[in-house]
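Read through the structure below, which is laid out as structure tokens, and then see the notes.
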Amino acid sequence: MKSKTSLVVVPLMLVLQSAVIAEEEVKQSWFGDVIPPVHGFLEYGHGIRTQSDDRQKHGTIYHETRLQLEMFKRFSAFDIQLKNDITYDAWKGTAEYDLREAYSAMYPLDWLDMKVGRQILTWGTGDFVFINDLFPKDWQSFFIGRDDEYLKAPSDAVRTIFYPVVFDQDVTVDFVWMPYFQHDRFVTGERISYYNTLLDDKAGFKNQVHYEEPDRTFENSVFALRLSKNFSGTETALYFYKGFYPRPLGFDMEAWRSVFPELNVYGGSIRRSVLGGIGNVEVGYYDSQDDAHGDDPLIENSAFKGVVGYTRELKRDLSLGLQYYWEYMSDYDDYRSAVAVHETRADELRQLATVRLTQLMMMQTLKVSLFTFYSPTDEDAYLRPSVSYKWSDNVELYAGGNVFLGREEHTFFGQLEDNTNMFFRIRYSF
């Protein structure tokens with residue numbers, strides 16, 4: 001959630017004040033000798049399109065100055081973590097505030113941990129491929145050149161981790177409750193052009209996605225569960241999610257708005273050392289609650305999804321990561337029958353392969369990386385070349401690109417082809 005700069009102090013002061021009141025034995029205030037150290041960075045970033053796009057206002061796709069301030073304070077019974085981003089976005093011409101973290105971590109029992117407040121949530125085994133991790137993502141940041149950490153958007157949630165001993169087996173029970181649904185920060189057309197199925201054409205700034213969020217009621221709150229166990233070096237996990245699709249993959253004809261269909265997900269994962277590297281397998285069944293039979297062309301069908309991955313160091317300072325991802329649509333015949341003949345149909349099976357190559361050089365101060373997505377079924381691709389150089393202990397330089405390729409304008413990466421861009425960033429950390 002973002003607000004104007006004038007609201008920066010309000011959430012920060014409320015959290016600090018509650019921490020002081022709850023910790024009675026602390027006689028000094030945060031603003032005395034025990035004020036926590038402030039860490040963070042000041043960063044300038046600029047990205048430009050490599051070709052013109054008449055659907056957008058600017059040739060610039062990303063232009064901002066960002067200040068991140070982070071504070072951590074440990075009390076006897078709990079911890080407080082704050083992370084705030086203050087940004088001047090020259091692309092919009094506005095100053096914005098993003099509260100990324102503001103939570104209290106508590107440890108009331110030896111077998112119970114709790115984290116309450118705004119936090120970054122993540123689990124699963126994929127590398128930039130998410131199956132059972134349905135926590136909010138910021139795809140716009142990912143596609144324009146911000147740091148990879150901004151792919152994970154914050155969530156207002158209660159996370160409870162239990163460590164019970166069940167049948168003489170140590171099992172970790174990780175439970176997340178979001179009191180209201182929080183969706184991805186997805187592509188809307190504001191800054192990145194996309195394929196609009198209603199127009200049957202690419203759209204941009206003038207034809208942004210209009211969507212309606214679920215009501216903020218208890219019935220619409222989101223639940224996620226992970227049960228994990230390590231068997232002799234093999235990490236295993238079972239997952240369950242009850243909520244909504246993180247992107248608006250449904251359409252309400254009466255309201256003429258995109259909507260977020262209800263979704264249940266059941267999944268599992270395995271990760272272990274194999275052949276000198278780390279292998280992983282993760283699967284999930286996406287049970288579309290609003291289209292149980294798959295015959296509503298306006299609602300996303302249920303699907304089986306999976307990923308198999310392998311990562312290893314080829315030689316010193318050179319690593320390779322490989323992944324194969326698939327999604328198989330359920331009730332495909334009903335879907336085909338429901339979609340009009342002239343409309344673009346999704347494939348029953350979509351496949352995706354990824355390759356990550358990372359080379360460290362110059363005493364590991366220089367990092368060169370290439371992450372490639374390629375879909376043989378969609379016949380499209382997405383390349384993320386990048387280079388970073390640690391100039392000093394405090395200063396780091398980054399440069400890279402987001403290259404989209406595709407034969408068809410309606411495929412996942414093909415629709416983004418006009419958004420290909422190159423960027424650079426310079427960061428001073430303190």
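Annotation: of all residues in the stretch 349-358 being surrounded by 16 or more Cβ atoms within 10 Å (Cβ to Cβ) and either at pLDDT below 95 or among the β-branched types (Val, Ile, Thr) (or both), the one that is farthest from Met422 (Cα to Cα) is Thr354.
The strands (runs of 3 or more DSSP E) found wholly in the stretch 255-310 and carrying at least 1 residues that are touching a residue at least 60 places away in the same chain (Cβ under 8 Å) occupy 262-274, 277-288. Hey, among the residues in the stretch 73-88 that are out of contact with any Lys or Arg (no Cβ under 9 Å at 6 or more places or on another chain) and touching a residue at least 24 places away in the same chain (Cβ under 8 Å), which one's surrounded by the most Cβ atoms within 10 Å (Cβ to Cβ)? Result: Lys73.
In summary, Lys315 fulfils each of the numbered conditions (1) touching a Lys or Arg at 6+ places or on another chain (Cβ under 9 Å); (2) farther than 27 Å from Gly243 by Cβ with the single exception of condition (1).
Just to be sure, is Tyr103 closer than 26 Å to Ala157 by Cβ, crowded, with 19+ Cβ neighbours inside 10 Å and among the hydroxyl-bearing types (Ser, Thr, Tyr)? Spell out how you get there, then give the answer.
Working: closer than 26 Å to Ala157 by Cβ: yes; crowded, with 19+ Cβ neighbours inside 10 Å: yes; among the hydroxyl-bearing types (Ser, Thr, Tyr): yes.
So Tyr103 fits the description; yes.
Quick one: would you say Ser273 is more than 25 Å from Lys242 (Cβ to Cβ), surrounded by fewer than 14 Cβ atoms within 10 Å (Cβ to Cβ) and of a type in the set (S, T, N, Q)? Judged against the criteria, Ser273 is a match. Only residues that are surrounded by fewer than 18 Cβ atoms within 10 Å (Cβ to Cβ) and either more than 15 Å from Phe413 (Cβ to Cβ) or touching a residue at least 40 places away in the same chain (Cβ under 8 Å) (or both) were counted in the stretch 359-384, giving 11. In the condition set (1) at pLDDT 95 or above; (2) within 18 Å of Arg55 (Cβ to Cβ), His410 is compliant with all but (1). Here the stretch 89-100 is the region considered, the condition is being under 16 Å from Ile61 (Cα atoms) and of a type outside the set (Asp, Glu), and the residue that is surrounded by the fewest Cβ atoms within 10 Å (Cβ to Cβ) is Gly93. Restricting the stretch 217-233 to residues that are of a type in the set (A, V, I, L, M) and either in contact with a Lys or Arg (Cβ under 9 Å, 6 or more places away or on another chain) or assigned to a loop (DSSP other than H, G, I, E, B) (or both), which is surrounded by the most Cβ atoms within 10 Å (Cβ to Cβ)? Of everything passing the filter in the stretch 217-233, Ala224 is surrounded by the most Cβ atoms within 10 Å (Cβ to Cβ). Condition (residue is at pLDDT 50 or above, surrounded by 12 or more Cβ atoms within 10 Å (Cβ to Cβ) and assigned to a loop (DSSP other than H, G, I, E, B)) applied to the stretch 58-65: is it met by at least one residue? Yes: one or more hits. If you go through the stretch 234-254 and pick out every residue that is among the charged types (D, E, K, R) and part of a loop (DSSP other than H, G, I, E, B), you end up with 2.
The values are calculated or read from the model by the stated rules, or taken from the named source; none is laboratory data. The model shown is predicted, which means the values in this text are computed figures rather than measured ones. Neighbour counts are summed over all protein chains in view; Cβ atoms, including those assigned to glycine, are modelled from backbone coordinates with ideal geometry.
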